[in-house]
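Structure, as structure tokens:
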Amino acid sequence: MKRLAQHTLFWPAITLALLLVASSLFNPSFLALTWRDGHLFGSVIDILNRAAPLIVVSLGMTLVIAVRGLDISVGAVVAIAAAVAALMIGGSFSATGEVRSDYPLWLALATALAVAAACGLWNGLLVVKAGMQPIVATLILMVAGRGIAQLLTGGQIITVYYAPFFSLGNGFLLGLPVALWLAASLWAALHFVMSRTALGLFVRSIGGNPEAARVAGVRSAAITLCVYTFCGLAAGVAGLIVSSNVKSADANNAGQLLELDAILAVTLGGTALTGGRFTLAGTVIGALIIQTLTSMIYSLGVPPEVNLVVKAALVFAVMLLQSAEFRQLVSRAARGSAT
Amino acid sequence: MNRKLLPLTVTIALFVAMAAFGAIRYDGFFSPQVFLNLLIDNAFLCIVAVGMTFVILSGGIDLSVGAVIALTTMISATLLDAGWNPYAAMALVLVLGAAFGALQGFLIQRFSLAPFLVTLAGMFLARGCCYLISTESIPIDDATYAAIAQARIPVGLGASLTIGGLIALAVVAVAMRIAHSSEFGRTVYALGGGESSARLMGLSVDSTKIGVYLLSGACAALGGIVMTFYMLSGYSLHAVGLELDAIAAVVIGGTLLAGGVGYVAGTLFGVLILGIIQTLIAFDGSLSSWWTKIVVGALLLLFCLLQRLFEGRTPKSAQGTA
Amino acid sequence: MNDAAIVLRARDISRAFPGVQALSGVELTLRAGEVHALMGQNGAGKSTLIKILTGVYAPDAGSIELLGKPVTPQSPIHAQALGISAVHQESHLLPNLSVAENICAGRYPRRPWTRGGGIDWRETERRAAELLASLGINLDVWQLAGGLPAALQQLATVARAVSTDARALILDEPTSSLDADEVQALFTLIRRLRDKGVAILFVTHFLDQVYEICDRMTILRNGRFVGEYACARLDAHGLVAAMVGREVAAAVGKTAAAEHAVDNTSGAPVLAARNISRRGQLKPMDIELKTGEVLGLAGLLGSGRTELARLLFALDARDTGDIRIDGQPAKLDNPGDALRLGLGFCPEDRKHSGIVADLSVRENIALALQARMGLTKFLKLSEQRQIAEKLVAALGVKTASIETPIGQLSGGNQQKAIIARWLATHPRVLILDEPTRGIDVAAKQELMHEILELARGGTAVLFISAEIDEVVRVSDRIMVLRDRAKAGDLPRGADENAVYSLIAASHKA
């Protein structure tokens, strides 16, 4: 049992399990799943669906944090991607009253993703080529990016009328939400890359000791650039899911505080901010914890304002548990010995 | 000593250049009141940024300041509504702000937690408490507050300063003194230079670490008080994103985000530059206000690149993320 | 030497860590006005003992007495307040503060309230300047500490340690980064302090320095106290025997050199660099390495040896010059290129540029090989294990298992693991920058042997070391640098004096 407790995923998994148990205590039908309208239906499905954008962004953030970086611009990139997609799809009513999109859907989506990836690349270049600290480099895009998104949308909320777009955030495939499939595929793809290529080892060595990795011949610059680009791309995917879900692009509010949630998800999952070792599964669990918590609060009828306070308490709890000094303090108190 | 002053010189030069640009291009720009308004409109940002300067100099970061400002306005408004003496209310929120900061500092120091995460959680907590108090705006109609808000102190040349602006200047002056002439201030710089080295030297690293966050919390509370003069209301959505503006002001003011290098005076100019961007855009009239964000971002980029060039000549170990 | 002069006495000190008994029953006696050496191989327990004396660790058993009174240092600050100061290997100055501030930090002179309060900067300047002058150190006190060369930072650190009225001063490997002149300046300072009655504990692995400056020595081996001796009574041979516990060949390298009598330098140079330079770091020079040859690179601190190595391995960009591999011009712009061309580089500072502390020994060893193979050709776990185990055995790396995080190994074993990393790539050219630094005598011999084996197998080795006798023993040819330029080449059979002459020639200019 002790060995199990030392596994990196132990605490995140236990936390999630406790939350699920608590939710079902408050709401007996919490874990119930039914088949309705051609897809699975239930609170759990709801949570998975809503968590999808966060999972996607957090996966990208995990790798960035693992190389000792940080990307606080993901919220702004979400807004930018949503704006680009909404603008390109637009949606004009044709003579017959049906909605057509200005550009083919695939082109709009691809462009939005390309722009998002370019944002990630921009961040990466600032960090790698200009040698800026990650928090500073991404702070720039965080500040300017919102402005850019607002510029694109003219400060308005752009509504999208083109129905096929909605399936990203609202559709179902084989009974499960499309968004969930997207998140799951991204995770699976990353997992495949980690296990079949040396990327995991390289990322861990760059994060563990960047200079040593460089001396050992690891192409740190190229890999770091890729990681940041991927993070931008992930934010773009999340932006598409989010805007599809609400059928609009809101440059002001889209992705607000998302970077903080993503960082929280990554750390809840067990990846340290100092870089090096990382866990993708932990991040997924972390994102699910955040979403389950939000849902639980909502379903309890507690005002949503409490959400922030609870998130805060959760962050403190996890941080303290991960702190060696705190654990020492607790075990010393438990043993009752004075040092 | 001269090389250390280079970033500050650049900042001041930029400010002068922008002021000159504005004076040439727009009528009425070069009036004393316009310049004093830079300080008046950004007095609370200035106070908060000064507190942030100390935190960043020590190698940390404080993301909770915007939320603490909002919480300060909410608590002030609530207390005043309940009939508290205005000065007692101000004293209480100052103490609360300092205590909040000190608590964050304690967690960071005692349990070796990442400042980024702790103050992030602090931000959530403070904002959440704001919402718990009320999601609506609470107006302040206390007579003392109104009087302070309207007071104008003439400084000659037909221009006048508000109490808030005066407080901001006083805070800058006191902070400059602390940074340069006190043991605490020098230990802050030492912390930024290398915590383990500072510790081995026997410097009071632990209490200083807690101290900078206490100071930042107190400055945030003071900034909140000044904001209540300015807004005459308590509102949960006050100062959203202000911490980023504060960080931008500090960086543009020449302080390295990695810590150890920088001047409080620089932060003052950083705030003025942020203010002047707003003013220039307002004077122009044709640019939408979100250009401000883009320009601030571009300036931030410029300064960070300059800092990189400067750093390239002085060896300093990288300290990763804040 | 009577007991009245005892400043610090540690009795029967024991300390264990999970899995290892670092110290057991160790004794140490420091007397006033005496320089006392602490000797032992890596892993003997020296640094643990120092940490106990300075309050970083508490001993499991035993006692410490300062001037006859029992003391329990709780922390380095507390130890300093008690009168036990320490200066560690890496100087611990704050790079962003001036020298004056570094010296006075924590003890700034204050102006009286009547004159405004706050720090009295003029007095600070005066105190710092006076202190440095009294120690014969010539520095502008307002210079930023970060801009000083490592040696001067070290002297300033000692100055600071001394300024706290220390009764016992511990110097842990203070001469590692100093050249001969600076060592003498430090020794003058030490003698001055000794004459003032300070008890000095001097930790070093330079045997000649021990005999030059120290009066007595304490020897540790495997955490146990071997004995305390007067330097006059135990010669170097006996000292090494006491440390290593076995009879060491009188001249470690002679056998090695004899083995390498075979001349296998033939054919075109495998690596040839012409006119290679980097502004501010290295003046233009040529260097070439032939297959199976050991080229020694000798020179004082600051002569440009590491800079040259870094340019050859493309860690730093060269401003001029071209590099040819096997006579063909080669694109060599980053470490990845170097790796692919068959070069390997074992850096000087293993903590900073060598090990990835959190990764296992296996992963560290496999890293360069994997980097060369690229992203997609993944070394399977079983292959990594095989390679790692083989090399760990071959080099004698002491580790609980290959899955242990490398950060837990001792310095010497970490060094061996990094060398293993490069050996795994079967390099054609291996650059070793100070591979024997911080390694005990026995391990050094093994390493030298390994280097010669490598050369015999056809690898060209560039061997950089500050210890000129090592360079002389192991190299086929020697290239001497001084002041970032080439001073000359020396053929086989050259002795240390020839090297010294080449280096010394500059100082007249």
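Where a number appears in this text, it was derived from the coordinates with a stated rule and is not lab data. As the structure is a computational prediction, the values presented were derived from the model and not from experiment. No Cβ is skipped: glycine too gets one built from the backbone with ideal geometry, and neighbour counts run over all protein chains shown.
Can you give the Rg to Rh ratio for the range C:311-360, taking only C-alpha atoms and Rh from Kirkwood?
In the range C:311-360, Rg relative to Rh is 1.06.
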Proxy reagent accessibility, fewest Cβ within 10 Å first, across B:189, B:235, B:87:
B:87, B:235, B:189
For chain B, just say rounded, prolate or oblate: build the C-alpha gyration tensor, square-root its eigenvalues into a ≥ b ≥ c, call rounded for a/c under 1.5, and beyond that prolate if a/b exceeds b/c, oblate if not.
oblate
Of the candidates B:25, B:186, B:127, which one comes out as most mobile in a Gaussian network treatment of chain B with C-alpha springs shorter than 10 Å?
B:25
Residue of A:151, A:268, A:174 that the Gaussian network model of chain A assigns the largest fluctuation, springs spanning Cα pairs under 10 Å
A:174
Just want the answer: with Cβ charges of +1 for Lys and Arg and -1 for Asp and Glu, which residue in C:78, C:387, C:121 is farthest toward the dipole's positive end in the protein assembly as shown?
C:387
Would you kindly compute the Cα radius of gyration of the range C:352-426 and its largest Cα-Cα separation (Dmax), both in Å?
11.2, 33
DSSP-defined antiparallel bridges as percent of all bridges, the protein assembly as shown, nearest 5:
60 percent
List the residues whose amide H sits under 5 Å from the amide H of residue C:478, counting only those 5 or more places along or on another chain, with H placed 1.01 Å from N in the peptide plane.
C:296, C:490
Say the dipole of the protein assembly as shown comes from +1 at the beta carbon of Lys and Arg and -1 at that of Asp and Glu; which of B:239, A:43, C:342 then lies farthest toward its positive end?
C:342
Could you line up B:41, C:286, C:358 from fewest to most neighbouring Cβ atoms inside 10 Å?
C:286, B:41, C:358
With r defined as the distance between the Cβ atoms of residue C:453 and residue B:144 and R0 fixed at 56 Å, what FRET efficiency is calculated, to the nearest 0.05?
0.05
Once the Cα gyration tensor of the range B:185-322 is found, what semi-axes does its equivalent ellipsoid get, as square roots of 5 times the eigenvalues, in whole Å, sorted largest first?
31, 22, 11
Which aspartates and glutamates have a Cα less than 16 Å from the Cα of residue C:196, not counting those fewer than 8 places away in the same chain?
C:34, C:165, C:215
Hey, got the average number of other protein chain Cβ atoms within 10 angstrom for residues in C:409-422?
1
Once amide H atoms are built 1.01 Å from N in the peptide plane, which residues 5 or more positions from residue C:34, or in another chain, come under 5 Å H to H?
C:200
Tell me, what ³J(HN,Hα) does each residue in the range C:127-134 have, in order and in whole Hz, if you take phi through Karplus 6.51 cos²θ - 1.76 cosθ + 1.60 with θ = phi - 60° and put x for Gly and Pro?
4, 5, 4, 5, 4, 5, 4, 5
To make sure I understand, if each residue's beta carbon is the centre and we count other beta carbons within 10 Å, what order do A:335, B:177, B:152, C:305 fall in, fewest to most?
A:335, B:152, B:177, C:305
About its Cα centre, the protein assembly as shown carries a charge dipole, from +1 on Lys and Arg Cβ atoms and -1 on Asp and Glu Cβ atoms, whose size in debye to the nearest 20 is 780 debye
GNM on chain A, C-alpha springs below 10 Å: top fluctuator among A:87, A:126, A:329?
A:329
What list of ³J(HN,Hα) couplings, whole Hz, do you get for the range C:77-86 from phi and the Karplus terms 6.51, -1.76, 1.60, once you set θ to phi - 60° and write x for glycine and proline?
5, 5, 4, 4, 4, 6, x, 10, 10, 9
Tell me which DSSP H helices of chain A clear both cut-offs, 18 Å or more of axial length from alpha-carbon atoms and a mean Kyte-Doolittle hydropathy of at least -0.5.
A:10-26, A:43-66, A:74-89, A:105-128, A:134-153, A:178-196, A:220-246, A:280-299, A:306-322
Could you tell me which of rounded, prolate or oblate describes the range C:116-236, using a ≥ b ≥ c as the square roots of the eigenvalues of the alpha-carbon gyration tensor, with rounded for a/c under 1.5 and, failing that, prolate when a/b is larger than b/c and oblate otherwise?
prolate
How crowded by other chains is B:189-199, given as the mean number of beta carbons from other chains within 10 Å of each beta carbon?
5
Classify the protein assembly as shown from the C-alpha gyration tensor, please: rounded if a/c falls under 1.5, else prolate or oblate depending on whether a/b exceeds b/c.
prolate
Got a sec? Charge dipole of the protein assembly as shown, +1 on Cβ for Lys and Arg, -1 for Asp and Glu; which of B:51, B:174, B:122 is way out at the positive end?
B:122
At q = 0.08, 0.09, 0.12, 0.13 Å⁻¹, work out log10 I(q)/I(0) for chain A with the Debye formula, treating every Cα as an identical point scatterer and leaving solvent out; two decimals please.
-0.41, -0.51, -0.89, -1.03
Residue-count net charge about residue B:84 - beta-carbon cut-off 15 Å; Lys, Arg +1, Asp, Glu -1:
-3
Would you calculate the convex hull of the Cα atoms in chain C and tell me its volume per residue in Å³?
173 Å³
Excluding same-chain residues fewer than 8 positions from residue A:129, which lysines have a Cα within less than 26 Å of its Cα?
B:4, B:293, B:316, C:331, C:351
Amide proton proximity set for residue C:226, modelled H, under 5 Å, gap of 5+
C:219, C:220, C:221
Based on Cβ point charges of +1 for Lys and Arg and -1 for Asp and Glu, what charge dipole magnitude is obtained for the range C:310-410 about its Cα centre, in debye rounded to the nearest 20?
300 debye
Can you tally the lysine pairs in the range C:352-426 where the Cα-Cα distance is under 21 Å and the two residues are eight or more apart, or on different chains?
4
Of all DSSP beta bridges located in chain C, what percent are antiparallel, nearest 5?
55 percent
What is the mean number of Cβ atoms from other protein chains located within 10 Å of the Cβ atom of each residue in peptide B:146-155, rounded to a whole number?
0
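Please report, in debye to the nearest 20, how large the charge dipole of chain C is about its Cα centre when each Lys and Arg carries +1 at its beta carbon and each Asp and Glu carries -1 there.
Numbers: 59 positive and 59 negative charges, 177 e Å.
Using only the charged Cβ atoms, the result is roughly 840 debye.
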Which whole-Hz ³J(HN,Hα) couplings does the range B:62-74 yield from phi under the Karplus relation 6.51 cos²θ - 1.76 cosθ + 1.60, θ = phi - 60°, glycine and proline marked x?
10, 8, 8, 4, x, 5, 5, 4, 4, 4, 4, 5, 5
Environment charge of residue B:48, counting only residues whose C-beta is closer than 11 Å and scoring Lys/Arg +1, Asp/Glu -1:
-3
